[in-house]
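To keep things clear, I will list the structure first and then write my remarks on it.
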Amino acid sequence: MKRSKVSIIGAGPAGCVAALTLHKLGHEVEVFERDHFPRYRIGESFLPGTLSILNRLGLQEKIDAAGFVKKPSATFLWGQDQAPWTFSFSTPRTSPWVFDHAIQVKREEFDQLLVDEVRERGIALHEGTPVSKVDISATDTVTLTVQQDGAARTVTSDFVIDAGGASSPLARQLKTRRYDEFYKNFAVWSYFKRPDPFEGDLKGTTYSITFEDGWVWMIPLKDDLYSVGLVVDRSKAAEVKELGPERFYRETLAKAKRATAILDGAEMVDEVRIVHDWSYESELFSRDRFFLCGDAACFTDPLFSQGVHLATQSAVSAAAAIDRITAHEDESEAVHQWYNRTYRETYEQYHEFLASFYTFASFTEPESEFWVKRRISETDDERLSRKTWFDRLVQTDRNSDDWSIADFRDRASTMIGIGRHRRPELSDEFTDDELNIARVQWIGKLTKDLNSIKRLQWNGTEVQLKPHYKVEPHGFRLEPKQVLANEDGLDMTKWPLEEEHREIFAGLLKEDVGYKEVVRQLSDTGRQELSSQIVIRLMEAGLLTGFNKHGERVVIQDRLRFDGVGVEYEV
């Protein structure tokens with residue numbers, strides 16, 4: 001088997017996971033980290049999908065031994081006068097690496113665990129070794145200039161992964177970063193000594209709590225610590241300068257009454273920290289011999305704890321892509337197209353998800369500068385002009401009476417309704433089981449709507465199979481697959497399909513077939529468990545439209561989705 005030598009910039013979660021994945025795939029790796037560990041980082045709350053990746057890389061025993069706080073859910077006091085609602089991670093354990101919980105960590109401890117594991121597996125990792133230059137001009141190699149032991153040296157490798165975080169040397173060098181005009185926020189945070197006030201199914205949950213000037217995160221950590229952060233509009237920077245960080249933090253936090261009630265007079269035990277301009281993306285995520293991962297590539301917003309998951313998922317994907325290109329150099333362009341597309345789609349999923357929830361809260365909170373700016377109310381919002389998801393929303397809104405900007409806001413409302421508590425205040429009486437009624441009702445309505453479809457229409461004149469890739473879940477190799485598409489470039493990439501599936505949907509071009517019959521045909525091919533989901537995803541992708549017995553269109557509301565939760569992870 002051909003091997004590549006890969007240089008990795010940065011030894012945070014993205015860099016270490018990329019190193020461990022490449023090592024698992026049989027490649028030679030060297031990691032360069034500018035700092036010395038342990039070192040402080042924010043980004044303490046994870047998603048279940050991150051645990052899944054770490055589990056499959058052989059880290060489960062050490063993670064369990066570290067005693068991190070178990071996170072069963074995320075709980076929101078989202079919108080003024082709204083009852084609490086919980087986004088539960090409970091899900092069937094369909095595989096040993098599917099998780100119904102995440103963890104919350106002190107990053108200096110967690111990152112040290114990763115660094116130690118990288119070294120234990122024989123991978124070279126250099127701390128205190130910043131990368132000052134990345135030369136990507138050659139067609140078949142990459143050359144790094146690193147500062148090590150007070151002297152410059154050059155390192156030549158076949159590929160480079162830049163996982164160097166927000167200060168990524170290659171992203172700066174490429175000048176491809178684009179700051180987000182919608183999420184012009186900044187965060188101010190500190191730590192409080194406070195045992196978790198809840199037992200039962202709320203124990204370990206994070207809190208996101210809106211107030212007039214923005215929202216508050218609250219994350220329970222080991223040793224009875226609470227990470228408490230304010231997310232406010234960038235216009236508040238002048239006030240921070242005038243008052244000083246600590247006074248601004250204390251006075252602004254005092255306005256968030258529901259957050260201070262949870263703190264219940266707890267003592268602040270650390271300094272106040274600030275981070276600006278965190279929301280950005282890159283024009284490209286990979287090309288030729290380089291890949292950007294994690295915060296080097298993009299970051300949206302901390303609301304749904306996706307930062308470390310984007311880092312680890314992109315790291316596995318970059319490693320798998322390098323492995324594929326090494327073995328099949330003629331596929332290099334196609335592999336880069338896959339990496340750029342899937343990474344951007346995952347990023348935009350989070351972006352869309354967040355925008356809907358911000359818009360929802362903006363109609364309940366006072367008309368403050370923060371919430372007015374976080375509201376989408378028109379189809380010509382220039383802040384979102386580069387976002388594919390917004391273009392799709394606007395296009396649908398213009399051509400159909402079935403979907404509008406108000407409907408987009410209601411998508412968040414639907415999810416909130418599924419997780420809403422029975423009581424108006426947080427209580428130890430809450431159990432995950434009490435959400436079952438709303439879940440069953442939602443599933444029942446969805447099933448009824450689907451069953452009412454008497455004719456499924458394929459949108460296009462051709463049903464095609466086109467090439468795509470998927471990361472194999474156990475070995476992490478990138479494998480060629482095929483996905484359904486039409487002649488206009490629309491496709492559904494979530495699940496690879498084959499010729500027998502293509503023939504089922506090609507049949508829709510010849511005769512009227514309803515939802516139940518299509519599901520039966522898909523089940524006969526061995527896709528019984530996924531048959532409904534395949535139809536739903538094809539509808540969401542714009543490839544299928546359903547009509548009832550009266551010839552009226554049956555609208556299945558697009559679900560707000562993002563990777564890292566549930567039973568089907570992207571990686």
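No other residue among 91, 129, 86 is part of a loop (DSSP other than H, G, I, E, B) and modelled with pLDDT of 95 or more apart from 129. Scanning the stretch 443-458 for residues that are of a type outside the set (Gly, Ala, Ser) and crowded, with 16+ Cβ neighbours inside 10 Å yields 449, 450, 453, 454, 455, 456, 457, 458. Within the stretch 479-500, the set of residues being under 17 Å from residue 349 (Cα atoms) and of a type in the set (Lys, Arg) comprises 494 only. Could we say that residue 305 is surrounded by 18 or more Cβ atoms within 10 Å (Cβ to Cβ), of a type in the set (Ser, Thr, Tyr) and not in a helix (DSSP H, G or I) here? The answer is yes for residue 305.
Where strands (runs of 3 or more DSSP E) fall wholly inside the stretch 164-244, the ranges with 2 or more residues that are among the hydroxyl-bearing types (Ser, Thr, Tyr) are 185-193, 206-211, 225-233. Pairs linking a residue in the stretch 101-119 that is without any contact (Cβ under 8 Å) to a residue 24 or more places away in the chain and surrounded by fewer than 22 Cβ atoms within 10 Å (Cβ to Cβ) to a residue that is assigned to a strand (DSSP E or B) and among the aliphatic types (A, V, I, L, M), with Cβ atoms under 8 Å and 6 or more positions apart or on different chains, are 119/125. For the stretch 212-225, which positions are over 20 Å from residue 47 (Cβ atoms) and surrounded by fewer than 24 Cβ atoms within 10 Å (Cβ to Cβ)? The answer is 212, 213, 223, 224, 225.
Select from the stretch 446-505 the residues that are among the aliphatic types (A, V, I, L, M) and in a helix (DSSP H, G or I) and write down the one among them that is nearest to residue 324 (Cα to Cα). Top of the filtered list is 504.
With respect to residue 366, determine if the residue is crowded, with 24+ Cβ neighbours inside 10 Å, of a type outside the set (A, V, I, L, M) and outside any helix (DSSP H, G or I).
no
Can you tell me which of 284, 253 is farther than 24 Å from residue 223 by Cβ and among the aliphatic types (A, V, I, L, M)? Step through it out loud before you land on a result.
Details: 253 fails: farther than 24 Å from residue 223 by Cβ.
Sole residue among the options that is farther than 24 Å from residue 223 by Cβ and among the aliphatic types (A, V, I, L, M): 284.
The values are calculated or read from the model by the stated rules, or taken from the named source; none is laboratory data. What you see is a predicted model, and the numbers here were worked out from it, not measured in a lab. Ideal geometry is used to build each Cβ from the backbone, glycine not excepted, and the neighbour counts take in all protein chains shown.
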